[in-house]
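These notes are about the structure you will find just below.
The values are calculated or read from the model by the stated rules, or taken from the named source; none is laboratory data. It should be emphasised that the depicted structure is a prediction, and the values quoted were computed from it without experimental measurement. Positions of Cβ are backbone-derived with ideal geometry, glycine not excepted, and every protein chain shown enters the neighbour counts.
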Amino acid sequence: MTSYNNSTATRTPRSQIIFCVPVPETDRSLAQSSQGPTFIGDTVPFQPSTTIKRVLNDIQKKELVLPAIQREFVWDASQIEMLFDSIMRGYPIGQFLSWKVEPDTSRLFKFYDFMRNFHEWDTPHNEQLDLPTQSVVAVLDGQQRLTALNIGLRGSFADRTPGKWVGKGSSYPVRRLYLNALAELQQDERGREFDFRMLTEKQAVAASRTSDCQLIPVSEVFDIEMMKVHELLINHGLGNDAAAGRRVYELHRAVHTEQSITFYQEESQEIERVLDIFVRVNSQGAVLSHSDLLLSIATAQWETRDARKEINTLIDRLNRIGAGFNFRRDLILKAGLVLAGITDFSFKVQNFNAENMDRLEAEWDGISASLALATELLYDFGLSSQTLPAASVLIPVAYYVHTRQLSESYRASNVDRGDRSLLKSWVLRSQVSGGIWGAGLDTLLRDLRSAIDGASGGGYPVAEIEKRMAARNKSLIMNDEEIDDLLSLAYGHQRTFAALAILFPHVNTRNVHHVDHVYPRALLARPRLKKAGLTDHEIELIQQRTNMLANLELLEGPENIGKSDVDPATWLRSRYSPEHVGTHMELHKLPTLPVDVRDFNDFFEQRSKLLRDHIKDVLGSHINLPAN
């Protein structure tokens, strides 16, 4: 294996890659005076520069591997071609980061081989390695580039031809990388100078029939020593072509001689530190999160299922329920840990160990069913991606469903009507109150799980839950300041629907409802107000109040559409009998029915007072049971 230990590099090649790490002021004098690799603190992060050939040899010998936290190879053929053009031109090709994993740490994880012969349909996944318990060097950053080098110099690439059938063998022609030794591109549309092509053997033969093309398989350059390059040129009929010879010799030098790769090696065995480094380094490309990495670890640990496929399929299923949700992978991963009963469900690598992942895999079908039913309940409560401010509420709802082993019948059962209403009330209250699902989420979820586990009556233990929440300074009882904040909610805010739904429990949220302006916005447009003779001050006041809570209500979709831009008095009287008009006004806390825009400010102030008193009744005390 190439020595990834401490020795002095022999020279600084023109294309050497340096992974720059800022040195603290207190360490700079030491770093500047040290011989050999740069020292930072007690570590020796910079490894000696080495060649592409040596690194690929280490990959071939399984001495340089991929940890489970790495994603799969995602580059396309054009990216591989561009990488080789950069190498030929002596350009830096990025930074490389490795992790020296000691035996005690390596036994906790699975490792994978680099892809050599990529086939999008037959072999899209990296092969898991059966390594003895030993220290290994794992690549944290540089997988895509090193895999591209491995494919270009040692292997093949087969992706689906656009427009061809998925899964049909002929749709995935096997291609290899070639260099056209006869021509340079003079900066083509992609900015390349060297004519690298990923081609099938048939395509290569056809292309070489033209006068300006002689293709050399790049793999042939990898397999020979410098003294054999001229023999290679002769075999391809290029023994007397100086320009072609120069290009092939340059490729050989870039692969075999140029010390173009320098690793920064992390030696810490603190898994969370390594994970954080991995996230930060990779955030320069496609942003990774802890959930991406932890999902990769789960995938490596599951024995009979593909965790990535199972979890992504479930997320797609949940997000298509009702009007649509936007649940993300980290939420579903955490929900899985909570529902599986795993004691510590915080996002730490140690919690994604083999024992916990075995448990999660074994219970996955039940967990998936509970999350689906919980999502359907949230939809029944009128919620969706547009009206659900804090998606974390899915977890305790799903845990309650899971613990009680509730079935689909729970959604409409008369027997469960009271319990369902209690659950709905709590969910909506938790969405209206700010700061419930933010900081301290794991602690809150632990308390909620414990309260549900300890429930003796079999129903949703809202009293115990609210008691525990209040002890965590997450009370659902609103004070005057919070009531003012609620009254200032505007049309379109995520909390607005939940506020109206909890304040007006007569609304059957299983039907589609819209947040409606009591007095239509179109009738409160500035030109209309000016035409009505209102003062500038009155106009500004109306403009500020138009979209606020006191001018909003919930109406069923068809009803709201039918209302259109008609003033509330005219609309109600055309739709209901006089006694039903009064009932509607009482249900929606409407003090008056303004017909003229000049009455709007009085209407707004009166309704604000009514709503303030109503909020105190509904949200200023403990458990309130909606009517449905």
Report task. Among the residues of the range 159-178, write down those that are in contact with a helix residue (DSSP H, G or I) (Cβ under 6 Å, 6 or more places away or on another chain) and crowded, with 18+ Cβ neighbours inside 10 Å. Result -> LEU177, TYR178
Query raised in the report: Taking the range 442-464, which residues are under 18 Å from LYS424 (Cβ atoms), assigned to a helix (DSSP H, G or I) and in contact (Cβ under 8 Å) with a residue 60 or more places away in the chain?
Result: VAL462, ALA463
Query raised in the report: So is THR105 surrounded by fewer than 16 Cβ atoms within 10 Å (Cβ to Cβ) and of a type in the set (Val, Ile, Thr) or not?
Result: no
Report summary line: Taking the range 533-551 and keeping residues loosely packed, with under 13 Cβ neighbours inside 10 Å and more than 14 Å from SER608 (Cβ to Cβ) leaves GLY533, THR535, ASP536, HIS537
Query - Counted residues, the range 396-409 - those being in contact with a helix residue (DSSP H, G or I) (Cβ under 7 Å, 6 or more places away or on another chain) and without any contact (Cβ under 8 Å) to a residue 40 or more places away in the chain - result: 4
Query raised in the report: Taking the range 47-75 as the region of interest, how many residues are of a type in the set (Val, Ile, Thr) and in contact with a Ser or Thr (Cβ under 8 Å, 6 or more places away or on another chain)?
Result: 5
Requested in this report: Look through ALA68, ALA77 and report the one residue that is within 13 Å of VAL139 (Cβ to Cβ), in contact (Cβ under 8 Å) with a residue 40 or more places away in the chain and crowded, with 17+ Cβ neighbours inside 10 Å.
Outcome: ALA68
Query - Members of the range 336-356 found to be touching a Phe, Trp or Tyr at 6+ places or on another chain (Cβ under 8 Å) and in contact (Cβ under 8 Å) with a residue 60 or more places away in the chain, listed by number - result: VAL338, LEU339
Requested in this report: State all residues of the range 147-173 that are among the hydroxyl-bearing types (Ser, Thr, Tyr), under 30 Å from LEU64 (Cα atoms) and part of a loop (DSSP other than H, G, I, E, B); if no residue qualifies, say none.
Outcome: TYR172
Query raised in the report: Of all residues in the range 360-391 being modelled with pLDDT under 95 and of a type in the set (Gly, Ala, Ser), which is nearest to GLY336 (Cα to Cα)?
Result: ALA362
Query raised in the report: Which numbered condition trips up ARG154, out of (1) surrounded by 21 or more Cβ atoms within 10 Å (Cβ to Cβ); (2) closer than 30 Å to ARG89 by Cα?
Result: (1)
Report summary line: The correct count of residues that are surrounded by 12 or more Cβ atoms within 10 Å (Cβ to Cβ), charged (D, E, K, R) and farther than 15 Å from HIS402 by Cβ in the range 446-481 is 8
**Report entry** Residues located in the range 342-380, provided they are polar (S, T, N, Q), within 23 Å of the chain's Cα centre (by Cα) and within 30 Å of PHE278 (Cβ to Cβ)
**Finding:** SER346, GLN350, ASN351, ASN353, ASN356, SER368
